[in-house]
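The values are calculated or read from the model by the stated rules, or taken from the named source; none is laboratory data. The structure displayed is predicted, hence computed values, not measured ones. Cβ atoms come from the backbone with ideal geometry, glycine included; neighbour counts cover every protein chain shown.
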Amino acid sequence: MVDLTLFAAHAHRAAACVDIPLICDADTGYGNAVNVKHTVREFEAAGVAAIHLEDQVAPKRCGHLPGSRPVVPLAEHAGKIEAAVAARRDPDFIIIARTDAATGLGLDEAIRRGQAYRKAGADVVFVELKNSPTILEDLKRVTTESGAPCLVNIDGGGKLGELTVPEIEALGFRIAIFPGLARNAAGFAIQEALGTLKRDGNTKAVRERMLTMKEYNEILGLGAVEDWEKRYMQNRQ
């Protein structure tokens, strides 16, 4: 239900808050190869460093939901990757090609698609995999056979979620994303704090694990705003 306009607007705000490269999920590119051109331009303008485009059938399903996800023909998504590469204005803007074919069509097909997307110009290949008893062997196959720098999605569960960064590097991955980490941690903390308030009538039991107003303002950079005010607004009235 999230469209390009909403996502690009959020991406702009996120990119403005950090000094490190920001990777954004651009879903299926929000349409065909013409839409992909517009998608790349919008994310570039938002200050994003990289996007990943997936080969799911629209409307897409989250990769963490159970069951397989239908994918478009290989040639169709390869064309989208070519369009994305041609559309970018900044040569340092990274195009990550994602495939969700493994759950429905098998790992061999997913790797074949990754290879094709690399040939189409993708800078990085992202093969979405589910946790399974063979997940570590599957991940090694992805990095060994894809013929490209590879990205892995760490969702926090099973063997995959237990891997340390050195272990992820040892498997051959160049990028690891932890997309649910901040959201899930924040959601847990909010539930706990509000539950405590409902139960106790105050937040004393969780106060030590909450930001103080001073800490909150420091994170927001309020001091810099006040310094700016003092520098440019005093005695101006």
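With the condition being among the acidic types (Asp, Glu), under 18 Å from residue 125 (Cβ atoms) and in contact with a strand residue (DSSP E or B) (Cβ under 8 Å, 6 or more places away or on another chain), I'd like the helices (runs of 4 or more DSSP H) fully within segment 1-102 carrying at least 3 qualifying residues. Please lay out each step first, then the result.
On the way: elements: 4-17, 33-45, 74-87.
Ranges flagged: none.
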Flagged in segment 32-56 as surrounded by 15 or more Cβ atoms within 10 Å (Cβ to Cβ) and among the aliphatic types (A, V, I, L, M), in numbering order, are 33, 36, 40, 46, 48, 49, 50, 51, 53
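Matching residues to (1) over 34 Å from the mean Cα position of the chain (by Cα); (2) surrounded by 11 or more Cβ atoms within 10 Å (Cβ to Cβ); (3) farther than 23 Å from residue 17 by Cβ; (4) charged (D, E, K, R):
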{"position": "206", "(1), (2), (3), (4)": "no, yes, yes, no"}
{"position": "215", "(1), (2), (3), (4)": "no, no, no, yes"}
{"position": "224", "(1), (2), (3), (4)": "no, no, no, no"}
{"position": "232", "(1), (2), (3), (4)": "yes, no, no, no"}
Practice problem: Considering every residue within segment 109-121, establish whether at least one is free of Cβ contacts under 8 Å to residues at least 60 places away in the same chain, surrounded by 15 or more Cβ atoms within 10 Å (Cβ to Cβ) and part of a loop (DSSP other than H, G, I, E, B). | Solution: yes
Taking segment 196-237 and the residues there that are assigned to a helix (DSSP H, G or I) and in contact with a helix residue (DSSP H, G or I) (Cβ under 6 Å, 6 or more places away or on another chain), the one that is nearest to residue 14 (Cα to Cα) would be 206
Within segment 202-237, residues touching a Ser or Thr at 6+ places or on another chain (Cβ under 9 Å) and among the hydroxyl-bearing types (Ser, Thr, Tyr) come out as 203
| field | Yes/no for residue 235 being of a type in the set (S, T, N, Q), on the phi > 0 side of the Ramachandran plot and at pLDDT below 95 | value | yes
Restricting segment 143-177 to residues that are within 19 Å of residue 69 (Cα to Cα) and either over 19 Å from the mean Cα position of the chain (by Cα) or at pLDDT 90 or above (or both), the one surrounded by the fewest Cβ atoms within 10 Å (Cβ to Cβ) turns out to be 154
